[in-house]
Amino acid sequence: MNINRQTMAVVRPLVGLIIIAGTIAVFAPTFRSWAALSNVLENASVLFVMCTGMTVALIGGCLDLSVGSTYALVSVVFGQLMMNHVAMPLAIAGGLVAGALCGVANGVIVTGTGIPPLIATLGTQLMFRGIANMIGAASNMSNFGAAFDSLGAGFWGPMIICLISFAIVWFFLTQTKTGFHSFAIGGNEEVARLAGIPVKRDKIIFYVICGLMAALSGILYTARVDMAQVNRGTGMELWAIAGVVIGGTSAFGGVGSVVTTVIGVLIISVLQAGMIHLHVEAFLQQVVVGAVIVLAVWLDFWQRRRTMRG
């Protein structure tokens, strides 16, 4: 991808974000304040962390529908460890390990069986949710302490975690050999295999990163609400895919950037917050966001077909 195309990949969603935010600001005076902007960023933080991992997965052609269940499972694992008086850093580490193991399971199933990622991760979505229920359905897990709550409370805690997740994924995609491989594998897996790229190993790594970021997202949300519950994260996988695709990462693999994922998540969060400020009915909000998602996927498909013809 040349510099011009890289620039345009960022400019297109950025222009869309500016138009959406500007239009809302014109018609909703309450949206034009630091409090409103701060609220948008805070609410976007949990989704963004999950979207960083989904960016890696989609670029590498590894769709993951289990991230919402991973999010819930990790929250429950962390909660159970804390309720059993495990030190907070170790409980967080335990949650992250659980997320990584979910990623390993997805990667091994997809690469070892040849089952399409859509079907494989739909299955593990149910499995991980079931395990979460087995571990914590009857438990009351809350009041984890001020030190943990500070990770998700206010503005700076969530922003620091967002920056950390962004830095990890940006470094992986732009500075590591496996990160470079993700674009080749997502673009054409068979060509990548013939070129000597260890496709199966790399795809497992993509799923592990996706699982880790879903885990970090789950821990961040648990810190925000100071409670671990098994019903958290339902439907989050769809929002994660939406944020990544709206930002310009191809749903078909091989093209994308964590930089544009930032913009995609902000578009969703600005739309949601803006419609609240405009007093749009909740059901209509879903229609609008859904229409934006369909438009983003259609534009991705149109751009991909145009590139293939060119």
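The values are calculated or read from the model by the stated rules, or taken from the named source; none is laboratory data. Quick caveat: nothing in here was measured; it's all calculated off a predicted structure. Neighbour counts are summed over all protein chains in view; Cβ atoms, including those assigned to glycine, are modelled from backbone coordinates with ideal geometry.
List of remarks:
- Some residue of the range 173-180 being aromatic (Phe, Trp, Tyr) and surrounded by 20 or more Cβ atoms within 10 Å (Cβ to Cβ): no
- Wholly within the range 1-102, helices (runs of 4 or more DSSP H) carrying at least 2 residues that are under 24 Å from VAL225 (Cβ atoms) and at pLDDT below 90: 34-59
- Restricting the first member to the range 183-210 and to residues that are at positive phi and among the basic types (Lys, Arg), and the second to residues that are surrounded by 22 or more Cβ atoms within 10 Å (Cβ to Cβ) and modelled with pLDDT under 95, no beta-carbon pair is closer than 9 Å while six or more apart or on different chains.
- Screening the range 165-182 for residues that are hydrophobic (A, V, I, L, M, F, W, C) and free of Cβ contacts under 8 Å to residues at least 12 places away in the same chain and picking the one that is nearest to ALA44 (Cα to Cα) gives ALA167.
- Verdict on THR249 being closer than 14 Å to GLY186 by Cβ, touching a residue at least 24 places away in the same chain (Cβ under 8 Å) and in contact with a Ser or Thr (Cβ under 6 Å, 6 or more places away or on another chain): yes
- Options ALA291, ALA296; residue that is modelled with pLDDT under 90, surrounded by fewer than 16 Cβ atoms within 10 Å (Cβ to Cβ), part of a helix (DSSP H, G or I) and not hydroxyl-bearing (Ser, Thr, Tyr): ALA291
- Scan of the range 143-186 for residues that are in contact with a Lys or Arg (Cβ under 9 Å, 6 or more places away or on another chain) and not hydroxyl-bearing (Ser, Thr, Tyr), ordered by number: ASP149, LEU151, GLY152, ALA153, GLY157, PRO158, ILE185
- Every test in (1) crowded, with 24+ Cβ neighbours inside 10 Å; (2) part of a helix (DSSP H, G or I) is passed by ILE276 save one, and that test is (1).
- Per-region count, the range 6-44, residues in contact with a Gly (Cβ under 7 Å, 6 or more places away or on another chain) and among the polar types (S, T, N, Q): 0
- For the range 8-41, filtering for residues that are exposed (fewer than 13 other Cβ atoms within 10 Å of the Cβ) and either acidic (Asp, Glu) or within 17 Å of GLY243 (Cβ to Cβ) (or both) leaves 0.
- Selection within the range 224-235 - crowded, with 23+ Cβ neighbours inside 10 Å and within 21 Å of ILE161 (Cβ to Cβ): ALA228, GLY233
- The single residue among VAL245, VAL270 that is buried (at least 17 other Cβ atoms within 10 Å of the Cβ) and either under 16 Å from the mean Cα position of the chain (by Cα) or not in a helix (DSSP H, G or I) (or both) turns out to be VAL245.
- The set of residues from the range 120-130 being farther than 16 Å from LYS203 by Cα and more than 18 Å from the chain's Cα centre (by Cα) comprises GLY123, LEU126, MET127, GLY130.
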